[in-house]
Every structure is written in structure tokens, then in C-alpha cells.
């Protein structure tokens with residue numbers, strides 16, 4: 001794990017931690033599977049962090065903080081969802097807003113930080129790495145945590161078919177009605193790369209048309225979106 005941070009050393013740690021209320025963590029992501037995965041990761045550490053429903057960030061008219069740290073999942077979002085990121089950063093209910101993504105391109109991380117994000121956390125982080133980064137961010141640090149190795153993460157839709165995280169993201173955009181060029185632009189890749197991903201998706205789902213692929217994805221519980229959407 002490569003870790004860069006600015007700010008004072010965190011006073012928190014496994015030894016000598018000051019007893020405080022658990023940090024409230026919201027995950028802005030439309031997929032039930034991913035939210036459940038994060039909840040399972042942090043569940044054993046409920047004395048330090050708890051996952052709150054991201055709907056509290058949009059319910060009611062109160063501007064009171066509803067989350068201490070908001071993880072903004074870029075999965076399936078065009079151009080990493082920078083417009084949505086701006087909105088969340090400006091919303092006082094969200095607390096510290098952090099990009100939570102598998103896309104650790106340095107230029108895009110710097111763009112997110114320039115917009116006001118409190119940090120970046122790789123989705124390949126282990127539960128303890130994620131928890132410690134959340135604690136440091138909640139205490140006021142700006143943390144950029146990327147990983148050069150593959151670890152167990154919260155999962156992604158279509159993992160049961162053997163889809164990679166990127167193939168899953170392409171399929172999610174396909175189900176949203178995006179064309180190949182739109183998917184390519186959204187993910188900063190070429191159209192040929194998108195076509196390669198689609199061939200792999202067709203093979204793994206055992207489909208041969210765009211329509212059948214979308215229908216099969218939408219019939220699978222892992223692609224179920226949260227009621228009302230989270231972001």
C-alpha cells in the first residue's frame with residue numbers, strides 16, 4: 001500500500017485510542033451489493049466506524065451534518081462523476097468527502113483533490129487500511145491511499161459471472177443506455193477497448209447481442225439498484 005498524507009500525525013491507533021463515538025460513514029453508490037460489502041467490511045469495527053444510509057444526505061431540508069465521512073464511489077459514473085463530487089463537497093451534510101475508486105490515475109486523483117475532496121481511498125484497500133484512512137480523514141488529514149496489489153474489496157455487480165471490476169462498470173453503463181463512444185469517453189479509454197470488454201462480457205454472460213446482455217444483467221440481483229438511488 002502506498003500512502004501519502006498531509007497534516008498532523010493522527011492521534012488515533014489500535015493502542016491509546018481516545019474513546020469517541022463511531023465515525024459515521026456514508027457510501028454514495030447505487031448498487032445494494034457494494035453497500036452491503038462495505039457494511040460487512042466495517043461491521044467488526046462498529047466501535048470505530050458505522051455505515052449510515054446515504055439517503056440521509058438528501059432527506060429533509062436540514063443542513064446538519066449527517067455523515068462524518070462520505071465515500072464517493074466512482075463506479076459506473078461518467079468522467080468519474082466530478083460534477084456529482086462537486087455537489088457533495090458543497091453539501092454540509094456530507095462531512096468530509098472522499099473518492100472511493102479502483103481508478104487510481106494520478107491526474108484524476110489530483111483533479112478530485114483540487115475540487116476539494118478530502119482524499120482518495122483505493123477500493124483494493126483491506127478493511128483495516130480503509131478504517132484507518134477514514135479515521136485519519138475524519139481527524140482532519142488529507143489522505144491519498146492507493147494500492148499496487150489486489151486485495152479483497154467490497155465486490156462489484158456481476159462478480160458471480162467472473163466479470164472484472166472494469167467489465168462490470170462497462171456493463172453498468174450499458175444497462176444505463178450508453179453507447180460505445182459514450183462509455184469510452186466516460187472511462188477515458190478507446191472505443192476499441194470498450195469493444196474488447198464487451199466481447200469478454202458477452203462470453204461470460206453467454207449472450208450474443210447488446211439487448212440480451214442488458215436484459216440478463218438487469219435480471220441479476222447483483223445489478224439491483226438502491227431504491228431512489230444513492231447518487
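The values are calculated or read from the model by the stated rules, or taken from the named source; none is laboratory data. Computed from a prediction, not measured in an experiment: that's the story for all the values here. Note that each Cβ is placed from the backbone with ideal geometry, even for glycine, and that neighbours are counted across all protein chains shown.
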> Just wondering, is there one or more residues in region 191-203 that are surrounded by fewer than 16 Cβ atoms within 10 Å (Cβ to Cβ) and assigned to a loop (DSSP other than H, G, I, E, B)?
Replying inline: no
When residue 112 is run through (1) touching a strand residue (DSSP E or B) at 6+ places or on another chain (Cβ under 8 Å); (2) touching a residue at least 60 places away in the same chain (Cβ under 8 Å); (3) assigned to a helix (DSSP H, G or I), the failure sits at (2)
Can you find a residue that is within 17 Å of residue 38 (Cα to Cα), out of contact with any strand residue (DSSP E or B) (no Cβ under 7 Å at 6 or more places or on another chain) and at pLDDT below 90 anywhere in region 77-97? no
Restricting attention to region 176-190, the residues that are part of a helix (DSSP H, G or I) and farther than 21 Å from residue 83 by Cβ number exactly 1
